[in-house]
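Here is the structure we will look at, set down as structure tokens.
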Amino acid sequence: MNMRNHILSLGGEFHYRSCVTNLLVSNGKITGVEVNHKEKIASSCVVLAIGHSARDTFVMLHEKGILMRPKNFAVGVRVEHPRRMIDQSQYGEFSSILGSASYKLTYQTKEGRGVYSFCMCPGGFVVNASSEKGRLVVNGMSNYDRNEENSNSAIVVSVTPEDFGCDIFSGMEFQRKLEEAAYQEGKGLIPVQLYKDFCDNQVSTSYGEIHPHTKGSTSFGNLRNVLPSFVSDSILEAMPEFGKKIQNFDRSDALFLGVETRTSSPVVIERNDDFVSSISGLYPCGEGAGYAGGITTAAIDGMKTAEKIVLSS
Ligand SMILES: Cc1cc2nc3c(=O)[nH]c(=O)nc-3n(C[C@H](O)[C@H](O)[C@H](O)COP(=O)(O)OP(=O)(O)OC[C@H]3O[C@@H](n4cnc5c(N)ncnc54)[C@H](O)[C@@H]3O)c2cc1C
């Protein structure tokens, strides 16, 4: 709120419930945007900070001829463990005084594929972060005190255009297919499975010591039906290795929830050294444009973009 009020005090405006539905372009230069298919806002400088889930906007940009290319990202599941187990493994005898522990895990499969933990949330929740009807995607979050029962992270496998195709939107369609399968598998709820049942390729029927900590309801499902086999196989190969780094990480009642598809944008919106896209005055920025991966890097990319705009004027 303080940031918003500061911007308002400097003459900025906020337009809520306003979707940019078209770009106004003349002679290769941006002249403004169309909002909600009717209102037009004129400007010779437009920053596109649209996030990585603005699929309809990506399509609109492509139709306007803005240069984009597919890029690598990663997909997988979210794993939940007791927070105290992670704390104990990371901090040992100091775990009661050091607070909730985080971790970072990486592994390269025998075939050379990267498997890694992402967006680790100590003492947090798994979140149903779906944004499209009939499709389901999860993410994670921790509240400030990080003291919920479970700690979670995404365990993801890198995927490249070799896996999903070289068309601009092949990656996006690949994400959609996985999200549709997750929605089906969980019957509209977050599908959850014990790690041992993921190994045995069967639906779980009851929990062990760990119960899901989620924002959104769950239902048992088989995530092997959701993920391509090369992704499942890579996770299966990595988990015992992760168990060597964090004690009991591969315990049989660890929970897998799915599906994780939005680790980063499936496309890059091309920009030159001055951060300008193939249309003059249009600045792609942040995670959706492919130049950031998280809150801090997106914010820094916003600052760098602002500096470029100031320098150009
Ligand atoms: C549940 C959850 C938890 C997360 N936790 C973390 C975390 O702990 N740490 C971390 O670093 N990252 C976290 N992330 C990721 C983080 O939110 C993103 O990396 C970051 O917000 C990207 O910033 P951005 O400004 O590039 O895009 P966004 O924050 O995604 O903002 C893009 C905005 O553009 C709007 N938009 C899109 N298209 C249009 C259009 N056509 N017209 C008008 N507006 C449009 C969208 O509605 C959105 O408001 C989390 C994400 C989720 C979903």
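Below, the figures for the structure above:
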| quantity | calculated |
| --- | --- |
| Strands (runs of 3 or more DSSP E) contained entirely in region 1-56, each with at least 1 residues that are in contact (Cβ under 8 Å) with a residue 24 or more places away in the chain, at negative phi and among the basic types (Lys, Arg) | 29-35 |
| Test: residue in region 253-271 that is open to solvent by less than 50 Å² (accessible area, probe 1.4 Å) and over 27 Å from Thr160 (Cα atoms) | yes |
| Hey, Lys71 basic (Lys, Arg) and modelled with pLDDT of 95 or more or not | no |
| Residues of region 275-292 classified as among the small types (Gly, Ala, Ser) and open to solvent by 50 Å² or more (accessible area, probe 1.4 Å), total | 2 |
| Some residue of region 299-313 being hydroxyl-bearing (Ser, Thr, Tyr), assigned to a helix (DSSP H, G or I), away from the ligand (no atom under 14 Å from the Cβ) and open to solvent by 10 Å² or more (accessible area, probe 1.4 Å) | yes |
| Unique match (being open to solvent by 20 Å² or more (accessible area, probe 1.4 Å) and in contact with a Cys (Cβ under 7 Å, 6 or more places away or on another chain)) among Ser96, Ser142, Ser153, Ser102 | Ser142 |
| Strands (runs of 3 or more DSSP E) fully within region 101-211 counting 3 or more residues that are within 16 Å of the ligand (Cβ to nearest atom) | 114-121, 125-128, 138-141, 150-159 |
| Pairs where the first residue, in region 141-169, is assigned by TED's automatic domain parsing to the domain that holds Val115 and more than 25 Å from Ile97 (Cβ to Cβ) and the second is in a loop (DSSP other than H, G, I, E, B) and open to solvent by less than 40 Å² (accessible area, probe 1.4 Å), C-beta under 6 Å, 6+ apart | Val156/Thr263 |
| Residues of region 36-57 classified as surrounded by 12 or more Cβ atoms within 10 Å (Cβ to Cβ) and of a type in the set (Lys, Arg), total | 1 |
| In region 274-295, the residues that are assigned to a loop (DSSP other than H, G, I, E, B), within 8 Å of the ligand (Cβ to nearest atom) and more than 14 Å from Leu67 (Cβ to Cβ) | Cys285, Gly286, Glu287, Gly288, Ala292, Gly293, Gly294 |
| Evaluation of Thr31 against (1) within 13 Å of the ligand (Cβ to nearest atom); (2) open to solvent by 20 Å² or more (accessible area, probe 1.4 Å); (3) over 27 Å from Met172 (Cα atoms); (4) touching a strand residue (DSSP E or B) at 6+ places or on another chain (Cβ under 7 Å) (one fails), failing number | (1) |
| Residue in region 49-65 that is farther than 30 Å from Leu255 by Cα and away from the ligand (no atom under 14 Å from the Cβ) present | yes |
| Residues that are open to solvent by 20 Å² or more (accessible area, probe 1.4 Å) and either part of a loop (DSSP other than H, G, I, E, B) or closer than 16 Å to Gln193 by Cβ (or both), drawn from region 234-252 | Leu236, Gln247, Asn248, Asp250, Arg251, Ser252 |
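The values are calculated or read from the model by the stated rules, or taken from the named source; none is laboratory data. Given the structure is predicted, the values throughout are model-derived calculations rather than measurements. Note: ideal-geometry Cβ built from the backbone for every residue, glycine included; neighbour counts use all protein chains shown. Remember, those area values only see protein heavy atoms, side chains included, never the ligands or the DNA or RNA. Shrake-Rupley method; radii C 1.70, N 1.55, O 1.52, S 1.80 Å.
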